[in-house]
Amino acid sequence: MNILMIEDNESVCEMMSMFFEKEGWDSAFSGDGQEGLDLFLTDKESWSMIILDLNLPGMDGMQVCREIRKVSLHVPIIMLTARDSESDQVIGLEIGADEYVTKPFSPLTLMARIKALYRRTQLSAPENTSGQERFDIETEYIKISTRSREAFYHDKKIEALTPKEFEIFALLAGHPRQVFSREHLLTSIWEDPFFGDERTIDAHIKKLRQKIESVGPQVIHTVWGVGYKFDDSHNREEENA
């Protein structure tokens, strides 16, 4: 892997550098938000993972994350935050971070999160295919390819899905009208034990819904007091009305 860590605490960088080196990973470090963003943009296709602190000089982590997502939807981002605040964590996930780790953290915990996120990214990475596109999930209105990580609504592509948004959408659409609790979604999508707030799911669902609504009626529905489900049957009813 080639990891970019944007973190202004030199001790944390030195400590993680040793862990990355032990794994045989390449890494680069920046202690300033703007400099870190510039480093990413210099060769944006080369990075396997971004470790991004929330509190940075020059440009804060939220803005850096927004700028990265403007040019790369797929590079995995883990956000580090010293703030034990649900709102900060939810906002970070809404703007495109895939994971967050609260400081102070164990290096082993961060390494486990990095490996798990990278493993999921590689398992679902797009492959070069020839001929007609194969869709793993097809409903009356939705087609999803886990190979190309693309989703279509009435043949209109749902643009700019982040890795987590895509995984949530594929899981829900793959089980139409089945209700998934927030806890079930967390354990299914995040794979490793997740100790954050269940509102993490709400943040991703909110952004996913906005992107779906840009191409058609909503298909992700809230089941109050339980969780969420996929159901596009009402679309047929509306067409026949």
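Shown is the FRET efficiency for Gln63 and Gln218, computed with R0 = 30 Å from the Cβ-Cβ distance and rounded to the nearest 0.05: 0.50. Shape analysis of the stretch 21-122 places it in the rounded category; the axes a ≥ b ≥ c from the Cα gyration tensor give an a/c below 1.5.
Rounded to the nearest 10 degrees, the inclination of helix 61-71 to the longest alpha-carbon principal axis of the chain is 60 degrees.
How would you classify the stretch 1-60 from its alpha-carbon gyration tensor, with a ≥ b ≥ c the square roots of the eigenvalues: rounded for a/c under 1.5, else prolate if a/b is greater than b/c, otherwise oblate?
Oblate, since a/c reaches 1.5 and b/c is not below a/b.
For the stretch 140-182, run through the trypsin sites (Lys or Arg not before Pro) and keep only the ones in DSSP coil with at most 16 other Cβ atoms within 10 Å of their Cβ.
Answer in residue order: Arg147, Arg177.
Placing a pseudo-label 7 Å from each Cα along the Cα-to-Cβ vector at Glu140 and Gln210 gives an inter-label distance of 2.9 nm. For the stretch 1-100, the set of GluC sites (Glu not before Pro) satisfying both a DSSP loop assignment and a count of at most 12 other C-beta atoms within 10 Å is given as Glu45.
In Å², and per residue, what accessible area does the stretch 1-99 have when probed at 1.4 Å with the other protein chains present? Before the final figure, lay out the partial values.
On the way: 4350 Å² over 99 residues.
So the stretch 1-99 comes to 44 Å² accessible per residue, rounded to a whole number.
With each label modelled as a point 7 angstrom along the Cα→C-beta vector, the Lys103-Glu10 pair spans 1.5 nm.
Ignoring ligands, DNA and RNA, please state the percent of accessible area on the chain from carbon and sulfur, probe 1.4 Å.
48
Scattering from the chain was approximated by placing one identical point on each alpha carbon and applying the Debye formula without solvent; log10 I(q)/I(0) at 0.07 1/Å stands at -0.25.
The values are calculated or read from the model by the stated rules, or taken from the named source; none is laboratory data. Everything quoted here is computed from the prediction, not taken from an experiment. No Cβ is skipped: glycine too gets one built from the backbone with ideal geometry, and neighbour counts run over all protein chains shown. Each accessible area value is taken on the protein alone, full model and side chains, heavy atoms only, with ligands, DNA and RNA left out. Shrake-Rupley method; radii C 1.70, N 1.55, O 1.52, S 1.80 Å.
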